[in-house]
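Notes to accompany the following structure.
The values are calculated or read from the model by the stated rules, or taken from the named source; none is laboratory data. Since we're looking at a predicted model, the values are computed, not measured. In this analysis, Cβ positions are derived from the backbone assuming ideal geometry, glycine residues included, and neighbour counts consider all displayed protein chains. Accessible surface areas use protein heavy atoms only, side chains included; no ligands, DNA or RNA. Shrake-Rupley method; radii C 1.70, N 1.55, O 1.52, S 1.80 Å.
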Amino acid sequence: MLRIILHIALVLLALSSFAQSNKCFKAYNSSGVEITTFCVNQEVTFQDCGNVVPDDKEYYVFDYKSGTQIPSNPSLNKKHTYTTPGKYRVLQIANYGGATLTDTVSRVFEVKAAPAPTFTVTACANNSVQINITDNNYDSYSIDYGGGGAPVQAQKGQNPIYTYVTNGTYTITLIGTYTGASCNGSAFKQVTTLPDAKTPTLRALTVKQQSTSGEIQFDIQDLQPGFMYIIERWQDPRINFQKIDTIKNITQNSITHTIRNVNTTEGVWYLVRIADQCGSVIPNSNSRIISSIALEAKSGNEQAILTWKSMPSADQYEIYRNNTLITTVDNSTLTYTDPSLSCGQTYAYFVKGISAGGGTSTSAAQSVQVTSTATPAAPYLLASFNLNNQVELSINLPQGKVAQKIEIQKSKNGAAFLNLASTSQTAYTDALAKPEPVCYRASFTDPCNNTSPIGNTACPVILKAEQQEDGSVQLNWTPYTGFPGGVQQYTVELLDANGNVINSFAAAGTSYTDRALSNEVQILRYRIKATSTGREVSYSNTEQIEQDLKLFIPSAFTPNGDGLNDVLEIKGKFIDSYTLKVYNSLGSVVFQSTGAATNWDGTYQGKPLPVGAYAYEITVKTEFGTTKRRTGTITLLR
């Protein structure tokens, strides 16, 4: 019955009786403490101020929309839990007594979520850490650093720094709270304090590109994760070292770091300082100072002139040409002239500064093309026959010289020299039609168009070989011309078919008689080796002498089975192959063989032939490739 009466009264009164000054209600948490801000999932109890309204006459609408009709079924339950953050209008409907049956009072409360607050922790030097509160949800925060001290109050956006007594690993807890609310959110992170800072080592500095917007490379050692490393340079004596780069996120002990768009045209001091992630530079933490080197290379007359700029830091300088160390100078020397270079050649140089502590500084490589107006010295020419009886010429240029063009001249049989060839190569082969007395000489033009005088005349040995009536071989040759100190020794060489030396004899003068002819080869291949006092060698043409075929055919044989002379066997020297035919008195072939594999046993078609004289014909192909034919008779005896 009370609900019906109340409903009628509410419809009549509408909202005309809102909020009289002596009527109010409050919200309380589970501990009975008044709160003005709620948290999601927090149980809240509503109660009229002073608790003067009987519980059965006090109703609440927990999410009333202002200006709407009052619900007909308000709740007698004074406890409520909000599950979604936001602002809620709470409407109280109560009988406070007096002439008015019911009164309505409303208040707006905010319900807030309680998420874990966000923050970052950075380890700093000297056992310190820095907190960066990135959270925007709560009104205030407290930080428990986990080191045994009392929590520290902080506001959002602050970056407080805390210093621990000892080095170690700690758990940091951040608690966020709302003003007027008893709920809060918490989050934690672990942090390990940094070790004591170690001074970095600037091991090497290398200019990779020398220009006003150049490139420089640093090799740095003794690095520690958690620290930052600042690279600084100093050039102007009016100001201190200036930061040009910062290396962050170190994960290893040593790195190679490159900086671009930096002026590398001057010698400038560089160093590396250590800083923590909190932005503090560690006092007295800088590395050794190393100066960069700016190198300039210019061409002179067959020389390169080097000058370089460098601030004092090196104890000595090493100078490299084409990546090869050519000299070392002390630290007071900033120039070097590289002499006796080849005209037209391009040389690349760099300078490396060496410090007593082991640090190095290397300039960028600079190239220079050498020029010259000097006349080069004459070339040296060596002439020698190859196994094909061609003359091979070797043109040896003066040390360090390069030929743009080589002119070769030739003289035959003492005639005037004529141009033979123009080449850029230092080796040339002259294919003669036949060995004959020839001489050669050469000059060259260097890349600067300077032409040398004509060099030495080189005349290879010309060999003649003749077999004498007594079977010996007579060798005669022309002397070699062209060795600076003359010929020290002539050597007669006997070669096999592949050009390998199978015998040799020292000769006095320019002739030799070979009386002990070889029984191993039919073709005697001779050449002369001329050896200079400086152990240079030149060979003559190769001459061949064919030895006579040596063929042994017995005059008789006795195929009687006594084991002696039972077959007709052909023997000899220098035989490659042969064909043997044996004829009877009627001219019929009774035996034929194409090699030594088959010998005649005195039979024909398996039957013994009668004793008597038989004619034979043998055709022999020699090792030299010639064909020899012989005929005769052989007597068959029993």
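Output the residues belonging to segment 149-182 that are part of a strand (DSSP E or B) and surrounded by fewer than 12 Cβ atoms within 10 Å (Cβ to Cβ). Within segment 149-182, T169 is the sole residue that qualifies. What about T37, is it under 60 Å from the mean Cα position of the chain (by Cα) and closer than 20 Å to C183 by Cα? So T37 fails the test. The sole residue among L397, L420, L393 that is aliphatic (A, V, I, L, M), under 16 Å from I454 (Cβ atoms) and in contact with a Lys or Arg (Cβ under 6 Å, 6 or more places away or on another chain) is L420.
Within segment 357-374, the residues that satisfy the criterion of being more than 20 Å from T346 (Cα to Cα) and out of contact with any Gly (no Cβ under 8 Å at 6 or more places or on another chain) are G357, G358, G359. Within segment 419-447, restricting attention to residues that are farther than 21 Å from N541 by Cβ and not small (G, A, S), which residue is surrounded by the most Cβ atoms within 10 Å (Cβ to Cβ)? Within segment 419-447, the match that is surrounded by the most Cβ atoms within 10 Å (Cβ to Cβ) is F444.
Among the residues making up segment 520-529, those that are in a strand (DSSP E or B), aliphatic (A, V, I, L, M) and touching a residue at least 60 places away in the same chain (Cβ under 8 Å) are I523, I528. Across segment 557-587, the number of residues qualifying as farther than 16 Å from A613 by Cα, among the aliphatic types (A, V, I, L, M) and not in a strand (DSSP E or B) comes to 2. For segment 350-371, taking the residues that are surrounded by fewer than 22 Cβ atoms within 10 Å (Cβ to Cβ) and of a type in the set (S, T, Y), the one that is nearest to C459 (Cα to Cα) is identified as T371.
Of the residues screened, K410 is not one that is open to solvent by less than 60 Å² (accessible area, probe 1.4 Å), basic (K, R) and part of a loop (DSSP other than H, G, I, E, B). Please go through segment 607-624 and pick out each residue that is part of a loop (DSSP other than H, G, I, E, B) and at pLDDT 90 or above. L609, P610, V611, listed by residue number. Return the residues of segment 511-532 that are open to solvent by less than 40 Å² (accessible area, probe 1.4 Å) and modelled with pLDDT of 95 or more; say none if nothing qualifies. Correct list: Y526, R527, I528, A530, T531, S532. Is it true that N450 is in contact (Cβ under 8 Å) with a residue 40 or more places away in the chain and open to solvent by less than 40 Å² (accessible area, probe 1.4 Å)? It is true that N450 is in contact (Cβ under 8 Å) with a residue 40 or more places away in the chain and open to solvent by less than 40 Å² (accessible area, probe 1.4 Å). Restricting segment 601-621 to residues that are in contact (Cβ under 8 Å) with a residue 40 or more places away in the chain and touching a strand residue (DSSP E or B) at 6+ places or on another chain (Cβ under 6 Å), the residue that is farthest from K550 (Cα to Cα) is G602.
Taken over segment 533-563, the residue count meeting the criterion of being farther than 30 Å from G499 by Cβ and surrounded by fewer than 19 Cβ atoms within 10 Å (Cβ to Cβ) is 10. Selection of segment 530-556 for residues being in a loop (DSSP other than H, G, I, E, B), touching a residue at least 40 places away in the same chain (Cβ under 8 Å) and under 47 Å from the mean Cα position of the chain (by Cα) yields G534, E536. Among what's in segment 60-75 and is surrounded by 11 or more Cβ atoms within 10 Å (Cβ to Cβ) and in contact (Cβ under 8 Å) with a residue 40 or more places away in the chain, pick the residue that is nearest to F109 (Cα to Cα). Applying the filter and picking the extreme gives Y64. For segment 391-406, a tally of residues being open to solvent by 70 Å² or more (accessible area, probe 1.4 Å) and either assigned to a loop (DSSP other than H, G, I, E, B) or touching a helix residue (DSSP H, G or I) at 6+ places or on another chain (Cβ under 6 Å) (or both) returns 2.
For segment 126-135, taking the residues that are open to solvent by 10 Å² or more (accessible area, probe 1.4 Å) and in a loop (DSSP other than H, G, I, E, B), the one that is farthest from G185 (Cα to Cα) is identified as N126. Residue count for segment 265-299, restricted to those that are of a type outside the set (V, I, T), outside any loop (DSSP other than H, G, I, E, B) and open to solvent by less than 10 Å² (accessible area, probe 1.4 Å): 7.
Report yes if T45 is touching a strand residue (DSSP E or B) at 6+ places or on another chain (Cβ under 9 Å), among the polar types (S, T, N, Q), open to solvent by 10 Å² or more (accessible area, probe 1.4 Å) and outside any helix (DSSP H, G or I), otherwise no.
Taking the combined requirement at face value, the residue satisfies it.
Can you find, within segment 300-311, the residue that is most open to solvent (accessible area, probe 1.4 Å) among those that are touching a residue at least 40 places away in the same chain (Cβ under 8 Å) and aliphatic (A, V, I, L, M)? Taking the candidates together, the pick is M311. Annotation for segment 372-390: no member residue is open to solvent by 60 Å² or more (accessible area, probe 1.4 Å), part of a strand (DSSP E or B) and polar (S, T, N, Q).
The residues listed here are T81, T68, T36; of these, the one that is of a type in the set (S, T, N, Q) and in contact with a Gly (Cβ under 6 Å, 6 or more places away or on another chain) is T36.
Picking from T579, T631, which residue would you name as being among the polar types (S, T, N, Q), loosely packed, with under 13 Cβ neighbours inside 10 Å and in contact with a strand residue (DSSP E or B) (Cβ under 9 Å, 6 or more places away or on another chain)?
Working: T579 fails: loosely packed, with under 13 Cβ neighbours inside 10 Å.
Answer to the check: T631.
Of all residues in segment 138-155, those that are at positive phi have Cβ atoms under 8 Å from Cβ atoms of residues that are of a type in the set (A, V, I, L, M), 6 or more apart or on another chain, in G146/I172. Scanning segment 183-206 for residues that are part of a loop (DSSP other than H, G, I, E, B) and open to solvent by 60 Å² or more (accessible area, probe 1.4 Å) yields a total of 4. V473 falls short on exactly one of the conditions (1) closer than 21 Å to A530 by Cα; (2) without any contact (Cβ under 8 Å) to a residue 40 or more places away in the chain; (3) not basic (K, R), and that condition is (2).
Of all the strands (runs of 3 or more DSSP E) wholly in segment 79-125, which have at least 3 residues that are within 12 Å of Y64 (Cα to Cα), open to solvent by 60 Å² or more (accessible area, probe 1.4 Å) and without any contact (Cβ under 8 Å) to a residue 60 or more places away in the chain? The strands (runs of 3 or more DSSP E) meeting that bar number zero. Output the residues belonging to segment 453-469 that are part of a loop (DSSP other than H, G, I, E, B) and either open to solvent by less than 20 Å² (accessible area, probe 1.4 Å) or within 26 Å of V487 (Cα to Cα) (or both). Correct list: P453, I454, G455, N456, T457, P460, V461, I462.
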